[in-house]
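Here's the structure, in C-alpha cells; my notes come after.
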Amino acid sequence: MIWLWAILQALTVAGVLNYWWHLPMDRKVEAPEGTVVILSLRDDWDGGADMIARLKAQGAPFRLLLATSGACPAADALMALEPDWVKVVSAGVARDEGQKVHKLRAALRALTPEDRWLVFIDADIEPPSRLVGRLLFPLVRGKADIVTGYRLLLPEGGAMAALVGAVEMQLATLPRSANATMPWGGAMAMSREVADRLDLDAVLAGRLSDDMSIGLSGWRAKLRLRPVRDLLVASPIRGGTRDLLGFGVRQYRHIITNSVGMWTLATLVMAVQAAGWLWALGWGGAWAILVGYGAAWGRAAARRRIIGSVVEPAQARKTGQSLLWDMVAPFAVTWAHLAVQIAAATSNRIRWGGWDYVVRQGRVIGMTRV
C-alpha cells in the first residue's frame with residue numbers, strides 16, 4: 001500500500017510541475033481593433049475604482065460594455081463620465097434564467113457590426129494589464145476558438161477563507177489540455193465569428209452558469225478551448241464561514257447540474273486522495289505520513305513559484321495562508337474539497353447573487369428572490 005500511496009502523491013506533484021513547466025515565458029499579446037469587453041454588474045456595484053483603473057491600464061484598446069438590470073447608478077455615472085469608452089446595457093430582471101446570463105444575453109444583442117472580438121470578465125477580479133491582450137493573442141493568431149484564464153483566490157480575513165483558497169488552488173494549478181479546457185467566465189474571450197457559430201444567445205438562454213453552458217457547447221461543437229496558463233487572475237474572497245462554504249458548494253453544484261459525468265470524475269479523484277490520507281494517518285505509519293507531507297511541501301513550493309511569476313507581489317503574498325494550509329494540514333484541504341463536492345450533490349438549488357435558483361440539466365426551472 002505504501003508504494004501505491006507514494007505513486008499517487010508523486011502524480012499530484014507531477015501535475016503541478018506540469019503546469020509550471022508549461023507556463024509561457026514570452027507572454028505575447030495582440031491588440032486588434034474591434035474589441036469589446038463585456039462586464040456583468042449587480043445593481044449595488046460601487047463603481048469599482050480599482051477595476052476601472054486596471055482596465056484603463058490594459059495594453060490592448062477596447063470599448064467597455066456594462067450589462068446591468070437597469071438600476072445601477074454607478075454604471076450610469078461611469079458612462080456619463082466616459083461616453084466614448086463605456087456603454088451601459090439595461091437587461092431588466094430575469095424570469096427564467098440566471099441574472100448574469102440574462103445581462104450577458106442583453107449585451108450580446110447590443111453588439112455592433114464593428115465588434116469582432118469579445119472578452120468576458122467578472123467584476124470581482126483584479127485584472128493584470130496584459131489580460132485583454134493575452135486572451136486575444138491565441139484568437140488573433142488562429143490558435144484557438146475560445147480562450148480562458150482561471151481565478152486565483154486571494155483570501156481576506158481568516159483561516160476559513162484561506163482554506164477555501166487552498167481548495168481552489170488545487171484546481172487552479174491542474175494540468176490543462178491545450179485544446180479542451182473548460183472556460184472560466186471571469187476571464188474568457190472568443191471571436192464574434194465563433195459566438196455567431198455557436199449562436200451564443202441561444203446557448204445561454206434559460207441557463208444559470210455562463211461558463212459551463214459555453215464550455216459544454218464548445219466541446220460539442222469540437223471547438224479549440226485553450227487556456228492561457230499565465231492568466232491566473234487575482235480574485236479576492238472574504239466572508240463568514242457559511243458564505244465561504246456556500247461559495248465552494250456552488251461551484252460544484254454548477255458542475256453537477258450541468259454534467260454529472262464531470263462531477264463524478266472530479267469527485268472520484270478527490271475521494272481516492274481523501275481515502276489515502278485516512279489510511280496514512282490511521283494505519284500507514286510514519287513513512288506514509290512523511291510521503292504525504294513531502295508531496296504537499298513539493299506542491300506548495302511549485303505553486304509558490306507559479307504564483308510569483310504570474311501575479312503582482314502584493315497579490316502573491318495574500319495567497320501565503322492558502323499555501324500554508326497545504327503544507328501544515330494537506331489532509332484537511334483534501335477532505336474539505338471532497339466535502340463540498342458531496343454537499344453539491346445533495347440539492348439542485350443554487351443561491352447566487354441574491355436569488356435562489358432551481359436548476360435541472362443546466363436550465364433554470366424555478367427562481368425566487370432571497
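Here the label points at residue 143 and residue 348, each 7 Å from Cα along the C-beta direction, are separated by 4.1 nm in the simple model. In the calculated pair-distance distribution of segment 162-293, the portion above 20 angstrom amounts to 58 percent of the Cα-Cα pairs. Take the solvent-accessible surface of the protein heavy atoms, probe 1.4 Å, and return the percent of it on the chain that carbon and sulfur atoms account for. The C+S portion of the solvent-accessible surface of the chain is 60 percent.
Taking each DSSP H run with n ≥ 4 as -39500 (n - 2.57) and averaging over every residue of the chain yields -16000 deg cm²/dmol at 222 nm.
Let me make sure I get this right: for segment 230-350, a, b and c are the square roots of the gyration tensor eigenvalues over alpha carbons, sorted descending. Under 1.5 in a/c it's rounded, otherwise prolate if a/b > b/c, else oblate. Which is it? The shape class here is oblate.
Working value for segment 32-171: equivalent-ellipsoid semi-axes of 24, 21, 16 Å, each the square root of 5 times a Cα gyration tensor eigenvalue, largest first.
Which length gain, in nm to one decimal place, applies between residue 11 and residue 202 when the Cα-Cα distance is subtracted from 0.36 nm times their residue separation?
Answer, rounded to one decimal: 64.7 nm.
Counting only DSSP beta bridges whose two residues both lie in the chain, roughly 45 percent are antiparallel. Between residue 23 and residue 57, full extension at 0.36 nm per residue minus the direct alpha carbon distance yields a gain of 9.9 nm. In percent, rounded to a whole number, the relative contact order of the chain is 21, using alpha-carbon pairs under 8 Å and six or more apart. Residues in the chain average 44 Å² of solvent-accessible surface per residue, probe 1.4 Å, ligands and nucleic acids excluded.
Dipole magnitude for segment 293-359: computed about the Cα centre from +1 point charges on Lys and Arg Cβ and -1 point charges on Asp and Glu Cβ, it is near 160 debye.
With R₀ set to 22 Å, the beta-carbon distance separating residue 241 from residue 327 gives a calculated FRET efficiency near 0.50.
Rounded if a/c is under 1.5, else prolate if a/b is larger than b/c, else oblate: which is segment 23-89, with a ≥ b ≥ c the root eigenvalues of its Cα gyration tensor?
Prolate, because a/c is 1.5 or more and a/b exceeds b/c.
Between the residues 362, 288, 232, the greatest Cα displacement towards the positive end of the dipole of the chain, with unit charges on the Cβ of Lys, Arg, Asp and Glu, is found for 288.
Selection among 127, 341, 267 by position relative to the dipole of the chain gives 267 as farthest towards the positive end (Cβ unit charges, Cα centre). Extension gain, residue 286 to residue 370: 0.36 nm times the residue separation minus the Cα-Cα distance gives 25.3 nm. The average projected area of the chain, computed from the convex hull of its Cα atoms over all directions, is 17.5 nm². Remark: the chain carries a charge dipole of roughly 760 debye about the Cα centre, counting +1 on each Lys and Arg Cβ and -1 on each Asp and Glu Cβ.
The values are calculated or read from the model by the stated rules, or taken from the named source; none is laboratory data. Everything quoted here is computed from the prediction, not taken from an experiment. Don't worry about glycine lacking a Cβ; one is built from the backbone with ideal geometry, like all the others, and counts go over all protein chains shown. Accessible surface is based on the protein model in full, side chains and every heavy atom, while ligands, DNA and RNA are left aside. Shrake-Rupley method; radii C 1.70, N 1.55, O 1.52, S 1.80 Å.
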